[in-house]
Amino acid sequence: MAEPSTTPRHDVGVGLISVGWMGKLHSRAYQALPYVYPETGIRPRLVHAADTAADRVDHAIDVLGYARGSTDYREVLADPEVDVVSICAPNMLHREIGVAAAEAGKPFWIEKPVGRTVEETAQVAAAANAAGLVTSIGYNYRHAPAVEHSRELVAQGALGRVTNVRAVFFSGYASEPKGALSWRFDRELAGSGALGDLLSHVV
């Protein structure tokens with residue numbers, strides 16, 4: 001018979017803001033954490049999800065497993081059982097929600113870009129720093145083993161002095177001519193084009 005684990009269990013209450021494609025991905029990642037990294041002892045609890053679309057709130061509860069939901073993100077930030085927040089809303093809402101999360105004292109993972117402009121990004125950073133919060137930005141490739149190895153090679157000088165880089169990022173989700181014209185394709189809402197949206201991962 002296997003020995004019981006001696007790793008102390010640490011429950012973390014999760015709040016989700018925006019239950020779109022990325023919000024669903026964050027939720028699956030939280031649910032997988034005890035299986036992928038059992039040595040941490042972290043057990044995320046999906047506590048509260050918010051989305052402006054009521055059917056997505058229902059999906060968060062009925063399918064993803066959140067205990068409750070609302071159509072106002074402020075209710076997630078006010079929930080005392082929420083310890084950390086995933087901010088997966090469209091780019092034009094990142095500054096507003098990021099600052100609000102910081103002011104509520106909730107550590108957060110915010111999807112990139114943090115803001116549509118340098119000024120918006122600086123406002124979120126200033127609010128998080130003022131609150132003394134641990135935060136993270138959704139550059140999910142940076143911890144891939146090949147990427148970390150490349151970083152080590154550069155840091156060690158193994159490649160010499162790097163003066164320029166050519167990178168290609170293959171993604172075809174915007175190539176469908178009959179696809180929906182979402183906020184992502186409006187510069188005022190998104191804040192940038194392909195360079196900020198996709199190649200920022202490469203940078």
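The values are calculated or read from the model by the stated rules, or taken from the named source; none is laboratory data. Quantities reported herein were computed from a predicted structural model and do not represent experimental measurements. Here the Cβ positions follow ideal geometry from the backbone for every residue, glycine too, while neighbour counts run over all protein chains shown. Only protein heavy atoms, including side chains, enter the accessible area calculation; ligands, DNA and RNA are left aside. Shrake-Rupley method; radii C 1.70, N 1.55, O 1.52, S 1.80 Å.
Couple of notes before you dig in:
- Residue count for the stretch 108-143 satisfying the condition of being open to solvent by less than 40 Å² (accessible area, probe 1.4 Å), among the charged types (D, E, K, R) and either under 17 Å from Leu77 (Cα atoms) or not in a helix (DSSP H, G or I) (or both): 2.
- Within the stretch 89-120, considering residues that are of a type in the set (D, E, K, R) and at pLDDT below 95, the one nearest to Leu189 (Cα to Cα): Arg116
- Some residue of the stretch 146-167 being under 19 Å from Leu25 (Cβ atoms), modelled with pLDDT under 90 and not β-branched (Val, Ile, Thr): no
- A single member of Ile17, Ile61 is closer than 28 Å to Glu96 by Cα and touching a helix residue (DSSP H, G or I) at 6+ places or on another chain (Cβ under 6 Å), and it is Ile17.
- The listed residues are Leu46, Leu33, Leu16, and the only one of them that is in contact with a strand residue (DSSP E or B) (Cβ under 6 Å, 6 or more places away or on another chain), free of Cβ contacts under 8 Å to residues at least 12 places away in the same chain and not in a loop (DSSP other than H, G, I, E, B) turns out to be Leu33.
- Long-range neighbours under 6 Å by Cβ, at least six apart or interchain, first residue within 13 Å of Val203 (Cα to Cα) within the stretch 131-153, second of a type in the set (A, V, I, L, M, F, W, C) and assigned to a helix (DSSP H, G or I): Tyr141/Val147
- Of all the residues in the stretch 51-61, those that are closer than 16 Å to Val14 by Cα and either polar (S, T, N, Q) or open to solvent by less than 20 Å² (accessible area, probe 1.4 Å) (or both) number 3.
- Those residues of the stretch 62-98 which are assigned to a helix (DSSP H, G or I), more than 20 Å from Gly115 (Cβ to Cβ) and either touching a Cys at 6+ places or on another chain (Cβ under 7 Å) or open to solvent by 60 Å² or more (accessible area, probe 1.4 Å) (or both), in sequence order: Asp62, Val63, Glu75, Ala78
- Of everything listed in (1) on the phi < 0 side of the Ramachandran plot; (2) surrounded by 12 or more Cβ atoms within 10 Å (Cβ to Cβ); (3) not aromatic (Phe, Trp, Tyr), the single unmet condition for Gly191 is (1).
- Qualifying residue in the stretch 144-152 (condition: over 23 Å from Ala53 (Cα atoms) and either open to solvent by less than 50 Å² (accessible area, probe 1.4 Å) or not in a helix (DSSP H, G or I) (or both)): yes
- Candidates are the residues of the stretch 153-174 that are of a type in the set (Gly, Ala, Ser) and not in a helix (DSSP H, G or I); the one that is nearest to Gly193 (Cα to Cα) is Ala174.
- For Asn164, the criteria (1) under 20 Å from the mean Cα position of the chain (by Cα); (2) surrounded by fewer than 10 Cβ atoms within 10 Å (Cβ to Cβ) hold in every case but one, which is (1).
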